[in-house]
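Report on one structure; see the data block that follows.
Bear in mind these aren't lab numbers, they're just calculated from the coordinates by the rules spelled out. This is a predicted model, so every value here is computed, not measured. Methodologically, a virtual Cβ is constructed for each residue, glycine included, from the backbone with ideal geometry; neighbour enumeration extends over all protein chains shown.
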Amino acid sequence: MGGQFPRGQTAIAGLATFGLGECPGWTTIEMAAKAGQLAVADAGMRMGEVDALFICLPDDILAGLSFAEYLGLSPRFTDCNRTGGSAFMSHVATAATMLAAGYIDTVLIAYGANQRSGGGKLSTPVGSNAWEAPYKPLFPASSYALAASRHFHEFGTTRRQLAEVAVAARAWANTNPEAFAKGPLSIDDVLAARMLSSPISVKDCCLVTDGAAAIVMTRTDRARDCPAPPVPVLGAAAATWHNAISQMPDLTTTAAAESGPRAYAMAGVGPDDVDVVQLYDAFTINTLLFLEDLGFCPKGEGGRFVEDGAIGPGGRLPVNTNGGGLSCCHPGMYGLFTIVEAARQIRGTAANQIADVDVALAHGNGGALSSQATVILGSAATI
Amino acid sequence: MSDDTAETGPERHWRTALAEGRFLLQRTRASGTVFFPPRLMEPRTGDDNWDWIEASGMGTVHAVTVIYPKPPEPPRAVVLVDLDEQVRLMSEIEGIAAEDIAIGLRVRARIGERAGAPLLLFDVAA
């Protein structure tokens, strides 16, 4: 046994974002609760119907308990796993299997962070382990930079190709009212940006913003009675191969090469069936690695794949259509925002709506390219 | 070395040896696999029948990033080194400009000191 998934039996019935960009005067749990309230309303439900809570907050290790208390709920199941920014994809996997088993009925998955208004730095309780900390790498930027250095060395990838990722993200953001970073951004702008940890410049890094998101999941038969079209979960798979970058088995292949194929197998689709792709772009190198590991191009070809605006508006593959962590928002943990954007694309309500989306992929990353988790969503036509 | 009555965990043993000037690795008897950082058992297999061995100290730069702090602090490099024993670790290379460090550079381990604590560092191998 193993690898079984209740394909299409559960669905996203409600979703919301709140406070993207700057949200001064709000605490993290207030932001998460507001997004939760909006998502429950979007599902046409009452908060009291929620019987399972999944949440991560940057500043509260026991956020699940705090969230239950804040909402006045007594959930049958509460989870605040700590697999980094991919935690929410794991939440979806857990929620789908538990919903299908009848263990729970109505799931709220939420996140909120005020790291921009609260201090302006990446808000995380995480850092380098005892074997890396004495050498003072920038955490987490230097870890991703080391992986990028190998990708450059092995495949001839260039800073210009990384810059393509940032420029494409900005182009999507420029037409998304929710996105925080707007305005022109050229390849040369990225190449001229201040170097942080080579080959990663400040323009190769995700934003530091506030923001909250939430989704409501329930069984698909029930979701059909909700106001918005249900967004069935076709597959959800997580993989972990290491934590510290020095222990990553191969710096140019992430565990997305495992989570992706498992999620595809559950969903009964392949990369060619995916209409729109949302990837956790904490750094520009992430997008190249995940495009390769999730099968959109061969290993090592990520840099060449994204050239000439290929993943931007009008390109060959729409990637990070909200502007991504690079230009839309990055409130510390971004995974849930990729799921919301993928679900909006299925619903047909995204700011940068792609025509005829039946299959959308949301991929989360946690730690130092460590935790990888892939969720595949479908339209009603896929089940 | 798999004696359950050992006085400390492997990490303490490794750090004590480093303070005494010895750079240790662990090697599984059956497979000959060398592993680091110190663990109770070989990763993946769980084989706990292993010995401490002295590292050769020789290695090759596998990956490098140069960090650019605000001036006047100079750029500094952080590297991943592949030891000849086929284990990888993070470190620094002293005695060479950060921007001159390239993947493939041969390096030799040295036990230095930072903030009063022994620390594994590398020099360019002659």
inquiry  = Suppose we take every Cα in region A:158-244 and form the convex hull; what volume per residue is that in Å³?
reply    = 187
request  = Can you check what the net charge comes to around residue A:246, using other residues whose Cβ is under 9 Å from the Cβ of residue A:246 (Lys, Arg +1; Asp, Glu -1)?
outcome  = 0
note = The alpha-carbon center of region A:191-259 and that of region A:136-185 are separated, in whole Å, by 15
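Consider all pairwise Cα distances in chain A and report the whole-number % of them above 25 Å.
49
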note = Going from the fewest other Cβ atoms within 10 Å to the most, one would list A:248, B:58, A:333 as B:58, A:248, A:333
note = Taking A:231, A:202 and counting other beta carbon atoms within 10 angstrom, the fewest-first order is A:202, A:231
request  = Please tell me the relative contact order of chain B in percent, rounded to the nearest whole number, where contacts are Cα pairs under 8 Å and at least six residues apart.
outcome  = 20
ask   = Which residue, B:73, B:113, B:42, tops the fluctuation ranking in a GNM of chain B built on C-alpha contacts under 10 Å?
value = B:73
ask   = Against the longest alpha carbon principal axis of chain A, how many degrees, from 0 to 90 and to the nearest 10, is the axis of helix A:284-293 turned?
value = 70
inquiry  = Assuming a strict under-30 Å limit between Cα atoms, what lysine pair count do you get for chain A once near-sequence pairs (fewer than 8 apart, same chain) are dropped?
reply    = 8
ask   = Helix A:87-100 sits at what angle to the longest principal axis of chain A, using alpha carbons and giving 0 to 90 degrees rounded to 10?
value = 30
query = If you place +1 on the Cβ of every Lys and Arg and -1 on the Cβ of every Asp and Glu, how big does the dipole about the Cα centre of region A:36-141 come out, in debye to the nearest 20?
reply = 360
inquiry  = Can you compute the helix-only [θ] at 222 nm over the protein assembly as shown? Use -39500 (n - 2.57) per DSSP H run of at least 4 residues, normalise by all residues, nearest 500 deg cm²/dmol.
reply    = -7500 deg cm²/dmol
message = Considering only C-alpha atoms, what is the centroid distance from region B:3-49 to region A:59-83, in Å?
response = 39
ask   = Ratio of region A:217-300's C-alpha Rg to 2.2 N^0.38 Å, to two decimals?
value = 1.31
key: Viscosity 1.306 mPa s, 10 °C: Kirkwood-radius Stokes-Einstein D of region B:37-124 over Cα pairs, µm²/s   = 109
query = Roughly how many whole Å is it from the C-alpha centroid of region B:66-104 to that of region A:262-317?
reply = 31
query = What is the spin-label model distance, in nm, from residue B:125 to residue A:355 if the labels are put 7 Å beyond Cα along the C-beta direction?
reply = 6.0
remark   = Neighbour-count ranking for A:144, B:68, A:280 (other C-beta within 10 angstrom, fewest to most) reads B:68, A:144, A:280
query = Between the helical axis of B:10-19 and the dominant principal axis of chain B, each derived from Cα atoms, what acute angle in degrees is found, rounded to the nearest 10?
reply = 50
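Averaged over A:126-132, how many beta carbons belonging to a partner chain fall within 10 Å of each residue's beta carbon?
3
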message = Can you compute the radius of gyration and Dmax for region A:153-306, using only the Cα atoms, both in Å?
response = 17.8, 53
